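Input: a single structure, listed below in structure tokens.
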Amino acid sequence: MTRVFHGTLQEFQYKLRTNALFREMDENYPRVVGHSPGPSERSSWRASLPRLAGALQLAELPDDVHIALEERVPYFGKRMDVCLFGHTEREEPWAVITELKAWGEALATPEGNVCTVIGGGLQAEPHPSEQVHGYHEHIEDFRRAFQGDARLGLASCAYCHNYPGIIPDEGLFHPQFDRIREDSPCFGERDAELLARYLRVRLRGGRGRQVLEAYDERGIGPSKQLIDHAGLMIRQQGVFRLLDEQIPANRKILSAVGSATHSRRKQVILVRGGPGTGKSVIALNALGEILRRELSVNLVTGSAAFTHGMRRILGKRIDALVKFTDYYWDKPLDGLDVLIVDEAHRIRAKSVPRVPTAQRPTISQVEELIRAARVTVFFADENQIISPEEVGEPSVFRETARRLKAHFSEFTLSTQFRCNGSDAYLAWLDDVLELAQDPQGLRLAVPSGFRFRIVDSPDVLVEEVMEHNRARSNSARVLGGWCWEWSDPLPDRLVDDIVIGDFRFPWESKNNRKPPPGIPEAKHWAIDPAGVRQAGCVYSVQGFETGHVGVIVGPDLVRRRGAWLADPKQNYANKLRGQSPAAALPYIKRIYRTLLSRGMESCTVYCVDEETREFLRSRLLPAAT
């Protein structure tokens, strides 16, 4: 079910007059959205739909024009308020998307938003024309009814039925919005006749059922323009060249995709590999190729920072294909051809959607992902499981695939392209952190292909990061264990939370907090050039890489009497603070392994604990002079 209500205009008007419409929408809403409507949703229906009905009467449209309310946007969590379906007087089939707003006032902002009153407070929102035009473009990209030679016509508009402004004003009709209002007009309180005329031109011929049936029957799939755009965006990331064991893994994925269209048996593929072995390279190449085959595909990750980063890198037109792992808890069986799950080691045991407890899923998140598509591909590195709530062990994927009777394939990537291709550095890192199965006391030759050094001051570490960024913009980051408080941002600056003696340095801005001027949002810190003057923790950087990293090892991991000791009370991650030192130790070691392997060319380390610093130095092998 993709809509909360649909019917002819005659049915809509009758049910609205008899108050049956709202009861029907109440009943259908959970089937579409997954939970019951809230008070604000119900009140918006009661405020806006009668006003829409008035404009429709003015338009004098035939009774057999069809209307859909709360229509789901494919591959997106949003819904369109209203879609109308019919023909022009010249027998051309059309659909019209209409966004309804009950705003009584609005003020244009210099950033291109509008400030309005929502829930009793001022809030910055996109202009209604911009919002509805975003739906318009997305529908053209993903609904096959609007693609090809026999495509339907598509128009979009916003009806702000309480807004009293006239053109021009300082709000919705400010001149800065003239261009977007040309694409998707915005009608105010005084414009009911204009809205009626806009709808009449496109729908006067009626016979909406035929148009709605074409809309539904032609289904969902990426347009050729979107495929070309995705290919261009992926090529611009320089990830189109596959090497060594990446090639057979990629071929297996595409072979599975090819067979999935004519096989009832699910396919599950696990691609394992350490830092820099090309897991994301294969994932993005597979995404581009699957789109070219005009199959339905999502790119999924369990990391908020990585998900937002990929959305920004791939661009707005593709971001609806990039999802979090907990998106699929209520999705239909085999609703997609392919799911590509990057950073799969961060998968949780179960999804916890914001719905009543009784409606929450009872199956595992891994099972949800396998059930959601004919082919599910997991890219994972079990040594990057950094929290007790993460369950992405290889055995979990194997066992769930076996239980669901899916065909299971596994590949291991060993050749790595990060750390300047230095397998020796990553082998030493696993050895020195005692994450290797059989630690051998390896010593790292310095300098070598990968430049690694330990410094005695955090100021020196930060200065090296700044030098790298001066030489090549956006090429280095400061990283640290989360061993210092992370304060809310102040209006004009971030708080210097990381305090080591006289050293002061801020964390990146917090999630869901408006950053001060000139500071990137937390979700974009890893890729925004302005992120170089803040430190990030493992949750900000996992999945990303940069030329150089400066890593501050905090007091949560120290070396004493020939062994690593964890002090989870020194770590601010809630899931770790409550663990015993022994239970927290493997996770904290993996956190620092992740931080120390983000650099592609070099890494500088400062340990807060002097004994730990000297231990790491003892595991270096200086070059002979």
ask   = Taking residue 467, is it open to solvent by 90 Å² or more (accessible area, probe 1.4 Å) and at pLDDT 95 or above?
value = yes
Lone unmet requirement of (1) over 21 Å from residue 594 (Cβ atoms); (2) in a loop (DSSP other than H, G, I, E, B) for residue 463 = (2)
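Among the candidates 499, 478, which residue alone is within 19 Å of residue 557 (Cβ to Cβ), at pLDDT 95 or above and open to solvent by 40 Å² or more (accessible area, probe 1.4 Å)? Before you say what the answer is, go through the steps one by one.
Values: 478 fails: open to solvent by 40 Å² or more (accessible area, probe 1.4 Å).
The conditions single out 499.
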note = Of the residues in the range 441-491, those that are without any contact (Cβ under 8 Å) to a residue 24 or more places away in the chain and either in contact with a Phe, Trp or Tyr (Cβ under 7 Å, 6 or more places away or on another chain) or of a type in the set (Lys, Arg) (or both) number 1
task = Would you mind finding the one in 17, 51, 3 that is under 30 Å from residue 327 (Cα atoms), open to solvent by 10 Å² or more (accessible area, probe 1.4 Å) and of a type in the set (D, E, K, R)?
result = 3
inquiry  = Can you pull out every residue in the range 573-585 that is modelled with pLDDT of 95 or more and surrounded by fewer than 18 Cβ atoms within 10 Å (Cβ to Cβ)?
reply    = 580, 581, 582, 583
message = Restricting to the range 380-405, name every residue that is hydrophobic (A, V, I, L, M, F, W, C) and either in a loop (DSSP other than H, G, I, E, B) or over 22 Å from the mean Cα position of the chain (by Cα) (or both).
response = 385, 386, 391, 396, 397, 401, 404
message = Just to be sure before I move on: is residue 60 over 29 Å from the mean Cα position of the chain (by Cα), loosely packed, with under 14 Cβ neighbours inside 10 Å, within 30 Å of residue 296 (Cα to Cα) and modelled with pLDDT of 95 or more in the structure I sent?
response = no
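Conditions (1) closer than 30 Å to residue 298 by Cα; (2) at pLDDT 95 or above; (3) surrounded by 14 or more Cβ atoms within 10 Å (Cβ to Cβ), marked per residue:
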{"site": "72", "(1), (2), (3)": "yes, no, yes"}
{"site": "82", "(1), (2), (3)": "yes, yes, yes"}
{"site": "87", "(1), (2), (3)": "no, yes, yes"}
{"site": "95", "(1), (2), (3)": "yes, yes, yes"}
{"site": "107", "(1), (2), (3)": "no, no, yes"}
{"site": "113", "(1), (2), (3)": "yes, no, yes"}
{"site": "116", "(1), (2), (3)": "no, no, yes"}
request  = Give the residue, chosen from 226, 232, that is out of contact with any Phe, Trp or Tyr (no Cβ under 7 Å at 6 or more places or on another chain), crowded, with 20+ Cβ neighbours inside 10 Å, at pLDDT below 95 and of a type in the set (A, V, I, L, M, F, W, C).
outcome  = 226
All positions within the range 495-519 that are of a type in the set (A, V, I, L, M, F, W, C) and under 25 Å from the mean Cα position of the chain (by Cα) = 507, 519
key: Counted residues, the range 295-326 - those being open to solvent by less than 30 Å² (accessible area, probe 1.4 Å) and free of Cβ contacts under 8 Å to residues at least 12 places away in the same chain   = 0
request  = Sort out which residues of the range 166-201 are open to solvent by 60 Å² or more (accessible area, probe 1.4 Å), of a type in the set (Val, Ile, Thr) and in a helix (DSSP H, G or I), and write them in order of number.
outcome  = 201
ask   = From the residues in the range 560-572 that are open to solvent by less than 20 Å² (accessible area, probe 1.4 Å) and touching a residue at least 40 places away in the same chain (Cβ under 8 Å), which one is nearest to the chain's Cα centre (by Cα)?
value = 571
message = Tally up the residues in the range 335-345 that are of a type in the set (D, E, K, R) and under 14 Å from the mean Cα position of the chain (by Cα), please.
response = 2
Subset of the range 520-550 that is hydrophobic (A, V, I, L, M, F, W, C) and under 15 Å from the mean Cα position of the chain (by Cα) - its residue that is most open to solvent (accessible area, probe 1.4 Å) = 527
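Here's the yes/no breakdown for (1) at pLDDT 75 or above; (2) in a loop (DSSP other than H, G, I, E, B); (3) of a type in the set (A, V, I, L, M, F, W, C):
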site: 288; (1), (2), (3): yes, no, no
site: 291; (1), (2), (3): yes, no, yes
site: 294; (1), (2), (3): yes, yes, no
site: 307; (1), (2), (3): no, no, no
site: 311; (1), (2), (3): no, no, no
site: 327; (1), (2), (3): yes, no, no
site: 331; (1), (2), (3): yes, yes, no
Residue within the range 282-294 that is touching a residue at least 40 places away in the same chain (Cβ under 8 Å), open to solvent by 10 Å² or more (accessible area, probe 1.4 Å) and within 19 Å of residue 143 (Cα to Cα) present = yes
inquiry  = Filter the range 1-21 down to the residues that are out of contact with any Leu (no Cβ under 8 Å at 6 or more places or on another chain) and not charged (D, E, K, R) and list them by number.
reply    = 1, 2, 7, 8, 10, 14, 18, 19, 20
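One line per residue, one yes/no per condition, for (1) at pLDDT 95 or above; (2) farther than 17 Å from residue 161 by Cα:
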{"site": "8", "(1), (2)": "yes, yes"}
{"site": "14", "(1), (2)": "yes, yes"}
{"site": "21", "(1), (2)": "yes, yes"}
{"site": "26", "(1), (2)": "no, yes"}
{"site": "29", "(1), (2)": "no, yes"}
{"site": "45", "(1), (2)": "yes, no"}
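Residues are listed down the side, and each one gets a yes or a no for (1) among the β-branched types (Val, Ile, Thr); (2) closer than 23 Å to residue 396 by Cα:
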site: 284; (1), (2): no, no
site: 289; (1), (2): no, no
site: 320; (1), (2): no, no
site: 325; (1), (2): yes, yes
site: 339; (1), (2): no, yes
site: 346; (1), (2): no, yes
site: 356; (1), (2): no, no
query = Take the residues of the range 596-610 that are at pLDDT 95 or above and not hydrophobic (A, V, I, L, M, F, W, C): which is surrounded by the fewest Cβ atoms within 10 Å (Cβ to Cβ)?
reply = 610
remark   = Taking the range 20-45 and keeping only residues that are exposed (fewer than 13 other Cβ atoms within 10 Å of the Cβ) and either touching a Ser or Thr at 6+ places or on another chain (Cβ under 7 Å) or in contact (Cβ under 8 Å) with a residue 24 or more places away in the chain (or both), one is left with 31, 40
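The values are calculated or read from the model by the stated rules, or taken from the named source; none is laboratory data. Predicted model, so just to flag it, every value in this text is computed and none were measured. All Cβ positions, even for glycine, are placed from backbone atoms using ideal geometry, and neighbour counts span all protein chains on display. We work out accessible area using only protein heavy atoms, side chains counted, and drop any ligands, DNA or RNA first. Shrake-Rupley method; radii C 1.70, N 1.55, O 1.52, S 1.80 Å.
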